[in-house]
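Enquirer: A single structure is presented below for examination.
The values are calculated or read from the model by the stated rules, or taken from the named source; none is laboratory data. Please read all numbers here as calculations on a predicted model, not as lab measurements. Methodologically, a virtual Cβ is constructed for each residue, glycine included, from the backbone with ideal geometry; neighbour enumeration extends over all protein chains shown.
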Amino acid sequence: MLSIRNLHAAVDGKEILKGIDLEIKPGEVHAIMGPNGSGKSTLSAVLAGNEAYEVTEGDILLDGENLLEKETEERARDGIFLAFQYPVEIPGVSNLQFLRTAVNAMRVHRGLDELSAVDFMKLAKETTKQVDLDPAFLKRGVNEGFSGGEKKRNEILQALLLEPRLAILDETDSGLDIDALKVVADGVNALRSPERAILMVTHYQRLLNHIVPDFVHVLAGGRIVKSGGRELALELEERGYGWLGIKDSDEVEAG
Amino acid sequence: MANTDKQVNELIKREYEHGFVTEIEAETFEPGLNEDIIGRLSAIKKEPQFMLDWRLKAYRRWLEMDEPNWAHVGYPKIDYNAISYYSAPKRKEDMPQSLDDVDPELLKTYEKLGIPLHEREKLAGVAVDAVFDSVSVATTFKEPLAKAGVIFCSISEAIQDYPELVQKYLGSVVPAGDNFFAGLNSAVFSDGTFVYVPKGVRCPMELSTYFRINAANTGQFERTLIIADEGSYVSYLEGCTAPMRDENQLHAAVVELVALDDAQIKYSTVQNWYPGDENGKGGIFNFVTKRGACIGKNSKISWTQVETGSAVTWKYPSCVLRGENSVGEFYSVALTNNYQQADTGTKMIHLGKNTSSTIISKGISAGRSSNAYRGLVKFGPGAEGARNFTQCDSLLIGDQCAAHTFPYIESKNKGAIVEHEATTSKVSDEQMFLCRQRGIDPEQAVSMIVNGFCKEVFKELPMEFAVEAGKLLEVSLEGSVG
Amino acid sequence: MKTAPTLSSAFLEAAAGKLPAPLQALRAQRGKALADMPLPTRKTENWKYSSRYLKLTDELAASLPSGRNSGPGLAVDGYHVVIHNGVLVPEASDFPDVDGIEIRSFVDLDDDTAQHLADRLDNTLDNNAVQMARLNTARFEDGLYIRLRQDAVLDRPLFVIFEADAEAAGSVYPRIYVDAGANSQMTLVEEYISTGDQTALVDAVTEFSLADGANVTNVRLSLEGENIHHIGATGARLLGHARLDSHCVGFGGPLRRHDLQVRLEAPGANCRLNGVAVTQDKQHFDNHTTIEHVAPHCDSEETYRNIAADESHAIFNGRIHIHKDAQKSNANMSNKNLLLSTGAEIDTKPELEIYADDVKCAHGATVGQLDETALFYLVSRGIDRREANTLLSMAFINELIEQIPVEAVRETVQARLNRFIEQAFEGA
């Protein structure tokens, strides 16, 4: 479904990704792990089409089509969903209005009728339960005054409503306590299906206890330095990144 | 990161949809201003002597006044002798006896503007006074209103039919010597709307005036006077458009509101005068004095405005809060684009005990425009227990525009409390990225974000206008993301 | 049209003095330019609320005679310079002897240095906004030139005591110019005091030029008597990553005006401006500040608090101007006011003028009384109402006083503010 070939990307002229190769097939769950500054978030931003990042070399193909030629919103409609690490607030725009606009944009693209306000309200309320959010959140401004955990659940709510083909979760576990982590993980597991792929970007392996990946890749210095199965994550937890000859700024500080 | 700016800028290119001219036979004065012109104007309107005297006094005073230059706007010097001070469609009769007598061209014009004047196609429960250039051409729903005791007519009619009310209140809130443009208006105003709501009456429908400038080289100087007697309530809406012309045209209106004990006036404006083209050519100079006097105790005056038009705007709808416990409100959205300039805001003058006021101002600057909020909150020595809350937010779209905030706060009472806050922001790259990542069109995203920014003001508008206002912003921002 | 009153020519006769030629020439040039200068009126925007306090009668035109030291023996933990009626008194001063730091009297400058200075004086100030500062330049008879070479650090605060000795009516024109080299550091405390009881005008100007990375703290105390009219201006230009930390504390008088203008001219420049003004009886105090964000990536933080009691009048006007290229500016301004009596007046105008879109700017202003719930809380704990009022009022300004990094100043100022507040609530 998704092929990343020799991907190089830079921000403000500084090269962050230095040749990434990755194949993701429908139904698979991949985890990208790596220390801070390894380029994990850059990879998710580049996949979603954030214009702050410049692709200097390589290709990204989605079902054989060149993704790099498409605008952010076109990629979204093709089924790429990014759950943000730091979801931004949009004051005054209600979550409901925002979600309905997004869902209908998606539906129109897929040749479906737009949902009426009433039908959408029903659907949205139903889905809030799945991520343990009070339906009252639908009336509030997008992420406005939400706690960290609420913002993350709101991201998963959007994923459930937009039914993406590839969901990219950027550090979705960061800042969550264990209860919130479970709720988010349940939401993500509900997303799993044979047609849909999931790409998780994370620093720690604790999320992987709840969402079990098929493949684990270690990203360091802008390259994938090791790939393996679930067991690779466990090994990383036990031995740290140092074992792979990678410096992890967090571990250095902690030590 | 400059990408969002570029997209937003492209989205802003818009077209003015009310720019057509109506071909109609009109009687128009030759340009120029002197006592003779004022005499002719007064005569054509068959005004009583007191009115002519009032106009001439205002004119003589005006000659000694200086045009204000303190606002944050710049425009070429206006030659007041190059303007025609009267232009009216020629009519078969002196006055149309019913809507059937109104020139069909005019009815078509208003229909095109979305304001059907025929009562059978009535605008959902809204009575309309249509002012075309210098005169009121039609007023709808006069009869049901009369049944309730509400007087809703053109001010020319009121001068003849209710001279005692006019004489008592005209100029009582905005005296002829108040400022340069109010002085000019007092001398030459040609028409406008008059409303009187008697004691204890809740006006059964929304009242509205629709202003249209059509003729070239004319100014529009309308005068609106609304009096809400004790315990009454009225909601009044005002809309404005003008054809696209390369020359600037002057609009210098005066609006006076009077609220007696326990009375409430809600005054809403959607101002969409022609703003000039994308190079800043043409457009209306909108120099307007709007003021309400809360004379009575527990009275309330609420101004809501959505300003998207005009080349230059100079406008400060204000409240003089004299009555105990009286309330003033000002909710404003001002959007400027291209080379538009707006200097707008409000004055809340607290004189009475326990008076309170709220100011919510949302300024949106795009293109190369300049948008300033200018406000005064004043507590006199008698304003014991008075309160004001002010929130001024500016949104900048693109790096060529400017946004300013000039709030004046003056307090002479230790028991009065004022709180003022102001912020500045832009449509951020992160917000745009989030929306687009969810599959939303950039254009729709900007429009949604801007509407969200204005939400607190839009919720104050009557339903019919809220929808129109939201659409207006959308049109104004059209093309702003590529 | 009435013609506006102009500055009396009596004010334009500068004393001969002993200044070096380049400074003499500068004075003469300014004096000429000020002929027929219109005086501010109610219609002059930046004197709107204060023009009625400005009384430049001819008797104030004469220079106050200098040359005598009546200054108190100072026991401050820092270097100090005493300036008596505008002229430096070496025998009452204690100059620092620190490498790279020169502190010199204008009259002692050689011609080259004097020319260098003459080329720079007034450069930090927007002259249209502070015309009275130009009068200072036309009239000063001496001044203090402080020069910090690159990396020079003044180890203790420098106190400059400006004493206006008003045995007779007249005026005095104190002047300081600080040229802070790259990465230099100093703390300058300006203290304006007075003796004598005749009416006098103090027209003071202090200017700072901060090179890359320079770090200057400026404390300005207006402590003059009821007979002194004070008009002061402080100007500062900051280059890359330079920092100005300004603390102004003022007690009211018949006319008290201070203009503070800061220009952030290169990325990373930043300033904190704190100010407190208190007025009682029929006193006046007017603070006007301007922060010019000229370059991108600069930060400013401004907090001013006023208390007005009795029939006094306190004014604040703060302007933040973000220039077109000053993207990524951060500017915050807050002005809070306590109005303690209905005879008093507070006027405030926090202005934003913004020409760049990617900026974070906010301002807030309040005018009001002490928080009733806080008062009630204290009273309910057995504290008497007057005491509670005093405590809360003090807390209102102490937040800023606590930030003054010179302990001796904090103590002096707190004691005086306490006295002021106690008086304000007397009989209340």
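Enquirer: Please work out which residue is nearest to the chain's Cα centre (by Cα), limiting yourself to the range A:125-144 and to residues that are away from chain B (no Cβ under 14 Å) and part of a loop (DSSP other than H, G, I, E, B).
Expert: Going residue by residue through the range A:125-144, those that are away from chain B (no Cβ under 14 Å) are A:125-138.
With the extra rule that they be part of a loop (DSSP other than H, G, I, E, B), the set shrinks to A:131-134.
Values: A:131: 16, A:132: 20, A:133: 20, A:134: 23 Å.
So the residue we want is A:131.
Enquirer: Looking at this structure, is residue A:157 modelled with pLDDT of 90 or more and out of contact with any strand residue (DSSP E or B) (no Cβ under 6 Å at 6 or more places or on another chain)?
Expert: yes
Here is a yes/no grid of residues against (1) in contact with a strand residue (DSSP E or B) (Cβ under 9 Å, 6 or more places away or on another chain); (2) more than 16 Å from residue A:33 (Cβ to Cβ); (3) free of Cβ contacts under 8 Å to residues at least 40 places away in the same chain:
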| residue | (1), (2), (3) |
| --- | --- |
| A:168 | yes, no, no |
| A:172 | yes, no, no |
| A:177 | no, yes, yes |
| A:183 | no, yes, no |
| A:192 | yes, yes, no |
| A:198 | yes, no, no |
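Enquirer: Filter the range B:61-74 down to the residues that are more than 22 Å from the chain's Cα centre (by Cα) and either modelled with pLDDT of 95 or more or part of a loop (DSSP other than H, G, I, E, B) (or both) and list them by number.
Expert: B:64, B:65, B:66, listed by residue number.
Enquirer: Looking at the range B:420-435, which of its residues are more than 9 Å from chain A (Cβ to nearest Cβ) and of a type outside the set (Gly, Ala, Ser)?
Expert: Residues satisfying the conditions are B:420, B:421, B:423, B:424, B:426, B:427.
Enquirer: In the range C:379-400, what residues are of a type in the set (Gly, Ala, Ser), surrounded by 14 or more Cβ atoms within 10 Å (Cβ to Cβ) and modelled with pLDDT of 90 or more?
Expert: Here is the first cut: in the range C:379-400, the ones of a type in the set (Gly, Ala, Ser) are C:380, C:382, C:388, C:393, C:395.
Okay, now just the ones that are also surrounded by 14 or more Cβ atoms within 10 Å (Cβ to Cβ), so C:388, C:393.
Selection gives C:393 alone.
Enquirer: Kindly provide the set of residues from the range A:88-110 that are crowded, with 20+ Cβ neighbours inside 10 Å, within 7 Å of chain B (Cβ to nearest Cβ) and in contact with a Leu (Cβ under 8 Å, 6 or more places away or on another chain), ordered by number.
Expert: A:90, A:102, A:106 - these are the residues of the range A:88-110 that are crowded, with 20+ Cβ neighbours inside 10 Å, within 7 Å of chain B (Cβ to nearest Cβ) and in contact with a Leu (Cβ under 8 Å, 6 or more places away or on another chain).
Enquirer: Could you look through the range B:395-416, keep only residues that are of a type in the set (Gly, Ala, Ser) and either more than 23 Å from the chain's Cα centre (by Cα) or modelled with pLDDT of 95 or more (or both), and pick out the one that is nearest to residue B:442 (Cα to Cα)?
Expert: Residues of the range B:395-416 that are of a type in the set (Gly, Ala, Ser), as a first pass: B:398, B:402-403, B:411, B:415-416.
This time we only want the ones that are either more than 23 Å from the chain's Cα centre (by Cα) or modelled with pLDDT of 95 or more (or both), so: B:398, B:411, B:415-416.
On the way: B:398: 15, B:411: 46, B:415: 49, B:416: 46 Å.
Residue satisfying both the conditions and the ranking: B:398.
Enquirer: On the given criteria, is residue C:336 basic (Lys, Arg), on the phi < 0 side of the Ramachandran plot and surrounded by fewer than 20 Cβ atoms within 10 Å (Cβ to Cβ)?
Expert: Numbers: basic (Lys, Arg): yes; on the phi < 0 side of the Ramachandran plot: yes; surrounded by fewer than 20 Cβ atoms within 10 Å (Cβ to Cβ): no.
In short, no.
Enquirer: I'm checking my understanding of the structure. Among residues of the range C:372-410 that are among the charged types (D, E, K, R) and over 18 Å from residue C:273 (Cβ atoms), which one is nearest to the chain's Cα centre (by Cα)? Talk me through it step by step, then tell me what you get.
Expert: Let us first name the residues in the range C:372-410 that are among the charged types (D, E, K, R), namely C:372, C:381, C:384-387, C:399, C:402, C:407, C:410.
Next cut, over 18 Å from residue C:273 (Cβ atoms) only: C:372, C:381, C:384-387, C:407.
Details: C:372: 33, C:381: 40, C:384: 36, C:385: 34, C:386: 32, C:387: 31, C:407: 20 Å.
It comes out as C:407.
Enquirer: Residues to consider are C:203, C:197, C:165; find the one that is at pLDDT 95 or above and of a type in the set (D, E, K, R). Show your work before the answer.
Expert: Values: C:197 fails: at pLDDT 95 or above; C:165 fails: at pLDDT 95 or above.
C:203 is the lone residue from the list that is at pLDDT 95 or above and of a type in the set (D, E, K, R).
Enquirer: Which of (1) hydroxyl-bearing (Ser, Thr, Tyr); (2) closer than 22 Å to residue C:362 by Cα; (3) at pLDDT 95 or above does residue B:336 not meet, given it meets every other one?
Expert: (3)
Enquirer: Only one residue in C:324, C:349, C:328 is of a type in the set (Lys, Arg), within 8 Å of chain B (Cβ to nearest Cβ) and assigned to a loop (DSSP other than H, G, I, E, B), so which one is that? Step through it out loud before you land on a result.
Expert: Values: C:349 fails: assigned to a loop (DSSP other than H, G, I, E, B); C:328 fails: within 8 Å of chain B (Cβ to nearest Cβ).
Just a single option satisfies the conditions, and that option is C:324.
Enquirer: Of the residues B:391, B:400, which single one is more than 7 Å from every other protein chain (Cβ to nearest Cβ), surrounded by fewer than 23 Cβ atoms within 10 Å (Cβ to Cβ) and touching a strand residue (DSSP E or B) at 6+ places or on another chain (Cβ under 6 Å)? So that I can check it myself, show each step before the final result.
Expert: Numbers: B:400 fails: touching a strand residue (DSSP E or B) at 6+ places or on another chain (Cβ under 6 Å).
The unique qualifying residue is B:391.
Enquirer: When you go through C:388, C:362 one by one, which is the residue that is among the small types (Gly, Ala, Ser), more than 14 Å from chain B (Cβ to nearest Cβ) and without any contact (Cβ under 8 Å) to a residue 60 or more places away in the chain? It would help to see each step written out before you state the result.
Expert: Numbers: C:362 fails: more than 14 Å from chain B (Cβ to nearest Cβ).
Criteria check complete, one pass: C:388.
Enquirer: When the residues of the range B:436-459 are narrowed to those that are at the interface with chain A (Cβ under 7 Å from one of its Cβ atoms) and not in a helix (DSSP H, G or I), which ends up farthest from residue A:165 (Cα to Cα)?
Expert: B:441
Enquirer: Please go through the range C:33-51 and give me each residue that is over 20 Å from the mean Cα position of the chain (by Cα) and either of a type in the set (A, V, I, L, M) or outside any loop (DSSP other than H, G, I, E, B) (or both), ordered by number. Don't jump to the end; show me each part of the working.
Expert: Filtering the range C:33-51 down to residues over 20 Å from the mean Cα position of the chain (by Cα) leaves C:33-39, C:41-44.
Of everything in the range C:33-51, those that are over 20 Å from the mean Cα position of the chain (by Cα) and either of a type in the set (A, V, I, L, M) or outside any loop (DSSP other than H, G, I, E, B) (or both) turn out to be C:33, C:34, C:35, C:37, C:38, C:39.
Enquirer: For residue C:30, all conditions in the list (1) touching an Asp or Glu at 6+ places or on another chain (Cβ under 9 Å); (2) part of a loop (DSSP other than H, G, I, E, B); (3) buried (at least 20 other Cβ atoms within 10 Å of the Cβ) hold save one; what is the number of the exception?
Expert: (2)
Enquirer: Next up: Which of the numbered conditions does residue B:276 fail, given that it passes all the others? Conditions: (1) without any contact (Cβ under 8 Å) to a residue 60 or more places away in the chain; (2) of a type outside the set (Lys, Arg); (3) over 16 Å from residue B:357 (Cα atoms).
Expert: Condition not satisfied by residue B:276: (1).
Enquirer: Kindly indicate whether any position in the range A:178-193 is in contact with a His (Cβ under 7 Å, 6 or more places away or on another chain) and either within 14 Å of chain B (Cβ to nearest Cβ) or of a type in the set (Val, Ile, Thr) (or both).
Expert: Scanning the range A:178-193, I find no residue that is in contact with a His (Cβ under 7 Å, 6 or more places away or on another chain) and either within 14 Å of chain B (Cβ to nearest Cβ) or of a type in the set (Val, Ile, Thr) (or both), so the answer is no.
Enquirer: Quick check on my filter: what residues within the range A:38-52 are on the phi < 0 side of the Ramachandran plot and within 11 Å of chain B (Cβ to nearest Cβ)? Outline the logic, then answer.
Expert: Of the residues in the range A:38-52, the ones on the phi < 0 side of the Ramachandran plot are A:38, A:40-48, A:50-52.
Those that are on the phi < 0 side of the Ramachandran plot and within 11 Å of chain B (Cβ to nearest Cβ): A:44, A:45, A:47, A:48, A:50, A:51, A:52.
Enquirer: A further question follows. Answer yes or no: is there a residue in the range C:238-253 that is among the basic types (Lys, Arg), surrounded by 21 or more Cβ atoms within 10 Å (Cβ to Cβ) and at pLDDT 95 or above.
Expert: Of the range C:238-253, the ones among the basic types (Lys, Arg) are C:243.
Now narrow it down to the ones that are surrounded by 21 or more Cβ atoms within 10 Å (Cβ to Cβ): none.
No, every residue in the range C:238-253 fails to be among the basic types (Lys, Arg), surrounded by 21 or more Cβ atoms within 10 Å (Cβ to Cβ) and at pLDDT 95 or above.
Enquirer: Pick out, from the range C:200-266, the strands (runs of 3 or more DSSP E) lying fully within it that include 1 or more residues that are small (Gly, Ala, Ser). Lay out the reasoning, then the answer.
Expert: Working: elements: C:200-210, C:215-222, C:228-238, C:243-251, C:255-264.
Output list reads C:200-210, C:215-222, C:228-238, C:243-251.
Enquirer: Okay, next question. Going through C:423, C:414, C:403 one at a time, which residue ends up being at pLDDT 95 or above and away from chain B (no Cβ under 14 Å)? Break it down stepwise before answering.
Expert: Working: C:423 fails: at pLDDT 95 or above; C:414 fails: at pLDDT 95 or above.
After applying the criteria, what remains is C:403.
Enquirer: Right, next: Can you tell me which of C:304, C:355 is of a type in the set (Phe, Trp, Tyr), over 20 Å from residue C:399 (Cα atoms) and either at the interface with chain B (Cβ under 7 Å from one of its Cβ atoms) or free of Cβ contacts under 8 Å to residues at least 60 places away in the same chain (or both)?
Expert: On the way: C:304 fails: over 20 Å from residue C:399 (Cα atoms).
On inspection, the qualifying residue turns out to be C:355.
Enquirer: Another question, if that's okay. If I ask for residues that are crowded, with 21+ Cβ neighbours inside 10 Å, in contact (Cβ under 8 Å) with a residue 40 or more places away in the chain and part of a loop (DSSP other than H, G, I, E, B), which ones from the range B:414-435 would you list?
Expert: If the condition is that a residue be crowded, with 21+ Cβ neighbours inside 10 Å, in contact (Cβ under 8 Å) with a residue 40 or more places away in the chain and part of a loop (DSSP other than H, G, I, E, B), then B:416, B:427 are the ones that fit.
Enquirer: Yes or no: the range C:89-101 includes at least one residue that is in contact (Cβ under 8 Å) with a residue 24 or more places away in the chain, within 22 Å of residue C:184 (Cα to Cα) and surrounded by 20 or more Cβ atoms within 10 Å (Cβ to Cβ). Explain how you work it out, then say what you get.
Expert: Residues of the range C:89-101 that are in contact (Cβ under 8 Å) with a residue 24 or more places away in the chain, as a first pass: C:96, C:98-101.
Filter once more, keeping what is within 22 Å of residue C:184 (Cα to Cα): C:96, C:98-101.
Of the ones still in play, those that are also surrounded by 20 or more Cβ atoms within 10 Å (Cβ to Cβ) are C:101.
Looking for residues that are in contact (Cβ under 8 Å) with a residue 24 or more places away in the chain, within 22 Å of residue C:184 (Cα to Cα) and surrounded by 20 or more Cβ atoms within 10 Å (Cβ to Cβ), one finds at least one in the range C:89-101, hence yes.
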